[in-house]
1. What whole number of Å gives the distance from the Cα centroid of region 53-120 to the Cα centroid of region 194-251?
2. Excluding residues fewer than 8 places away in the same chain, name every one of the aspartates and glutamates whose C-alpha is closer than 14 Å to that of Lys62.
3. Ignoring ligands and nucleic acids, what accessible area does Thr174 show with a 1.4 Å probe (Å², nearest 10)?
4. State the label only: which of [x] 20.4; [y] 20.9; [z] 22.7 corresponds to Kirkwood radius over Cα pairs in Å computed from the shown model?
5. Mind ordering 178-186, 213-221 by average Cβ neighbours within 10 Å, highest first?
6. Compute the accessible area per residue over the chain, keeping the other protein chains in place, probe 1.4 Å, unit Å².
7. Quick check: net charge around Asp108, other residues with Cβ under 14 Å of its Cβ, Lys/Arg +1 and Asp/Glu -1?
8. Give me the net charge for the shell around Phe188: Cβ to Cβ below 12 angstrom, other residues only, Lys and Arg +1, Asp and Glu -1.
Amino acid sequence: VISLYLRSNLKDAGENILGERSEIDYVSVLNRNLPRDIRVIGWCPVAADFLARFSCLGREYKYLFWKRALDVSKMQKAAFKFIGEHDFRNFCKMDAANVSNYKRYITDFNISACDQRSNHDELWSMNIRGSAFLWHQVRCMAAVLFFVGQGLESPCVVDSLLDITKTPRKPQYTMAPELPLILRSCLFDGVSFMCSSDASQALIEHLKDEHHQYMLQAAIFDEALTCLSIPEPNPLEHPKKKRKHIPLLSREAEPSYEERRARVKAKSANV
């Protein structure tokens, strides 16, 4: 992958960089030409038909969240229902034009504490492993689990949403935010990375510095909070009404896969 990138993008005065530099230099050259938030620490030669997305045999995701008043035991009960092979069309952003198979296999889904606290709250994480995932699948699963944790839905709602004969159309709901979602690892067959110790060390130092700076910023916010007095509640002020939760299975639903496919075919026929 890096070789193809270098050959197509990193020519220097007509000189083929690959023919002149060592493997370690490939990483250095690539990092100088990539955006700052993308870092490469190793490389590996692969077949010409290799595709990082479709050649991947398994992925591991982590989704971070603050526990607050969530009932994690109910969330875990619901999360276990995702394990195994299921049709996840109600837990993704459907791409009917390009995807016809919505069955995916989840090998592990557990929820655990991260041993970090802030403002009397505790950081937790959802840890998900599977052979493949659909578009926004993890964020959709997390959103439904948050409903369960808040006591707004029963863990059994997962069974209903996985049963496409009972629920052929996805209820409308907002996905969980993207910021806490981490793609932790990918599994490939026969791919062995050759890592640059210099690039690895540079990345470690960069992440340590970023963490240090964010800790400093957090300390500033904490100091600002200590300078603020908590206002007394106004007895004449009416409390804001919480938005009433509409059960997922009672909500308006999106078009089914079959309806979406019919639209795609009709659009193609009119072109």
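1. For region 194-251 versus region 53-120, the Cα centre distance is 22 Å.
2. Within the straight-line cut-off, Lys62 pairs with Asp108, Glu178.
3. Surface accessible to solvent at Thr174 totals approximately 110 Å².
4. Calculated Kirkwood radius over Cα pairs in Å: the matching label is [z].
5. Working: 178-186: 12.4, 213-221: 9.8.
With the highest mean Cβ count within 10 Å placed first, the list reads 178-186, 213-221.
6. Working: 18320 Å² over 271 residues.
The answer is 68 Å² per residue.
7. Details: positive: Arg59, Lys62, Lys81, Arg104, Arg129, Arg184; negative: Glu60, Glu85.
Charge balance in the 14 Å sphere: +4.
8. +1
The values are calculated or read from the model by the stated rules, or taken from the named source; none is laboratory data. Just so we're clear, the structure is a prediction, and the values are computed from it rather than from any experiment. Cβ atoms come from the backbone with ideal geometry, glycine included; neighbour counts cover every protein chain shown. Each accessible area value is taken on the protein alone, full model and side chains, heavy atoms only, with ligands, DNA and RNA left out. Shrake-Rupley method; radii C 1.70, N 1.55, O 1.52, S 1.80 Å.
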